[in-house]
Structure formats: C-alpha cells, structure tokens
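Colleague: This is the structure I have questions about; it appears just below.
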Amino acid sequence: MDSFKRLILILGMLICIGVLFAEQTDNLLQTLRQKAEKNISILPAYCKKDYQSLLKKYPDRLMSFLLAYEENGRLAVVDSKIIENHYLSVTELMKERNITTPDEFFLSYIAKLTVSDEVICDYRQYFEQEEIDGKPGLNLKKLRKEAKSDEELYRIAMLKTNEYLRYKPTSGRDQSPLDVVKKSLYGRCEEWQIMFVAVCRTLGLPARPASTPWWAHQDDNHAWSEININGAWHY
C-alpha cells in the first residue's frame, strides 16, 4: 500500500511538473500575454481593471489574443462582458472541434472578434441563437453541428449574409454585424464583408477581410472577403 501511495505521489508530481513546463515553454502564450498587457496598459483605470481581471481569470492563448489584437480605443468604449461572451462562445466551438490549444491560424481567422473598422459588438452569441427578439434567429450553432463539410457551411454563410443584407451605398463608420441584423438590413461592400466574415467565423470557418487601396481617380475603394478551403485562400 505504501509503495502504491508513493507511486501515485510521484505520478502526481510528474504531472504537475509537466504542466508547469508546458506553461513555461508556450512561447506563443507568452508573446500574446505581453502584447495584451501592453495594449491595455494605457486604458483608463475604470476599464483597464476589468481587462486585467479577464487575463487573470482566463490565463490562456485565446483571451490573451483577444485583448492583444483589438484596438485599445475600441476596448475603452465597450463593456468587457462582450469580450468574455465572445471568449466563451469560441471556447465552446473549440470543445466541439476537440481543440485544446488554439494555434495562430485558428486565433487569427476564426477566433478574431472584429473584422474591419466596425465597433466591437456581441454578435457571436447573438448569431448562435435559434430565436432573436421573438423572431427566428440565425441558428448558427445548430447549423455548424449538422453540416457535413466546410463547403456546405460556406454556402450557409453566403445565404445567411444575403438574407439579412441588401446592397446600398452608405457613408460614415462601418456598421457592425449587429447593426446590420437588428437595424439597417443594408450596407455597402464593407458591411457585406464584415457580416459575411463574422458569420463564417461563428460557424467555425476561417475567413478574412481584403480590400484595395484608396483609388486615386475617385473618392472610393472596394472590399471583399476571402475564405480558406483545403489550405488555400479564395476570394
């Protein structure tokens, strides 16, 4: 019995040492953590404390990434609960995909919160619901579980975007995905881009924004989306 207890004790110590070693050698986590701390360091005290609490509560790659790669000006004007809700939604998606440690690709093209210059909003949990304000919702959580392939999910993303958005030239700041769904129901190319990429990422699909430089011959440019199939990007 004593030998058995000693064996259990040794195994427990080895596991603890392994966990500590893994944490110490996770260079990506350390890099993201440093970037996150630097990004929120100049925020006003009233919100900096909230984001520091999130880093302490969720000391992993995902939370560090979310706070490292959102503009601190946008973080300063939103409730930190939105960041936490987004984190929890992505964490649930990771569990569905059996992802324990997200890599840089997943973080950049699936977990990323904002798409372009839109305000931060709680779109992911909103998009996942079956019902929105008493009306049928986008129901993306169920759809991503039932789909048989990424190609099928990309088609769903296209259909959902077209269902909620009609093209109309607009001016001013980019609308967020929730602005489109709950208010305007229209937008220009960049609103379409933002909405489509947000839907893709909620479905667990890699997507990214792309755009031209500002055209010299007129006061305008163009934006579109790119998706990743079989390791290659397609517009």
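Colleague: When DSSP assigns beta bridges and you keep just the ones with both residues in the stretch 111-235, what percent turn out antiparallel, to the nearest 5?
Modeller: Details: 10 of 12 bridges.
If I count the DSSP bridges inside the stretch 111-235, around 85 percent turn out antiparallel.
Colleague: Residue by residue through the stretch 195-205, what is 3J(HN,Hα) from phi via Karplus (6.51 cos²θ - 1.76 cosθ + 1.60, θ = phi - 60°)? Round to whole Hz and write x for glycine and proline.
Modeller: 4, 5, 5, 5, 5, 4, 5, 5, 7, x, 9
Colleague: Before rounding to the nearest 500, sum -39500 (n - 2.57) across all DSSP H runs of length at least 4 in the chain and divide by the residue total; then give [θ] at 222 nm in deg cm²/dmol.
Modeller: Numbers: 10 runs with 122 residues, N = 235.
When only DSSP H runs of four or more count, the value is -16000 deg cm²/dmol.
Colleague: Rounded, prolate or oblate, given the Cα gyration tensor of the stretch 37-175, with a/c below 1.5 counting as rounded? Please report the intermediate quantities before stating the final value.
Modeller: Numbers: a/c = 1.97, a/b = 1.34, b/c = 1.47.
Cα axes put the stretch 37-175 in the oblate bin.
Colleague: Would you look at the GNM of the chain, springs on alpha carbons closer than 10 Å, and say which of T25, T101, T202 moves the most?
Modeller: Highest fluctuation of the listed residues: T25.
Colleague: On to the next question. Whole number in Å², please: accessible area per residue of the chain, 1.4 Å probe, ligands, DNA and RNA not counted. Present the calculation step by step, with values, prior to reporting the outcome.
Modeller: Values: 13460 Å² over 235 residues.
Here the residues of the chain average 57 Å² of exposed surface.
Colleague: Output the relative contact order of the chain, whole-number percent, from Cα pairs under 8 angstrom with separation of 6+ residues. Could you put the intermediate results ahead of the total?
Modeller: On the way: 286 pairs, mean separation 33.3, N = 235.
It comes to 14 percent, rounded to a whole number.
Colleague: Further, regarding this structure: Whenever you get a sec, compute what percent of the accessible area on the chain sits on carbon and sulfur atoms (1.4 Å probe).
Modeller: Numbers: 7450 of 13460 Å².
Its accessible area is 55 percent carbon and sulfur atoms.
Colleague: A follow-up question, please. Using a cut-off of 28 Å between alpha-carbon atoms, which lysines can reach K148, once sequence neighbours fewer than 8 places away in the same chain are excluded?
Modeller: Qualifying lysines at Cα under 28 Å: K95, K112, K135, K160.
Colleague: At 1.4 Å probe size, put S108, S176 in order of accessible surface, largest to smallest. Spell out each step's value before the answer.
Modeller: Values: S108 45, S176 5 Å².
Ranking S108, S176 by accessible area, largest first, yields S108, S176.
Colleague: Does the chain come out rounded, prolate or oblate by the C-alpha gyration tensor, with a ≥ b ≥ c the root eigenvalues, rounded set by a/c under 1.5 and, if not, prolate when a/b is larger than b/c and oblate if not?
Modeller: Values: a/c = 2.11, a/b = 1.66, b/c = 1.27.
Prolate shape, in that a/c is at least 1.5 and a/b is the bigger ratio.
Colleague: In terms of Cα to Cα distance under 16 Å, which lysines are near enough to K56, apart from those fewer than 8 places away along the same chain?
Modeller: K35, K38, K48, K81
Colleague: With a/c under 1.5 counting as rounded, go ahead and sort the stretch 125-235 into rounded, prolate or oblate using the C-alpha gyration tensor (a ≥ b ≥ c being the square roots of the eigenvalues; past the cut-off, prolate if a/b is larger than b/c, else oblate). Don't jump to the answer; show the numbers that get you there.
Modeller: On the way: a/c = 2.87, a/b = 1.30, b/c = 2.21.
Oblate, because a/c is 1.5 or more while a/b does not exceed b/c.
The values are calculated or read from the model by the stated rules, or taken from the named source; none is laboratory data. Everything quoted here is computed from the prediction, not taken from an experiment. These accessible areas exclude ligands, DNA and RNA; they are computed on the full protein's heavy atoms, side chains included. Shrake-Rupley method; radii C 1.70, N 1.55, O 1.52, S 1.80 Å.
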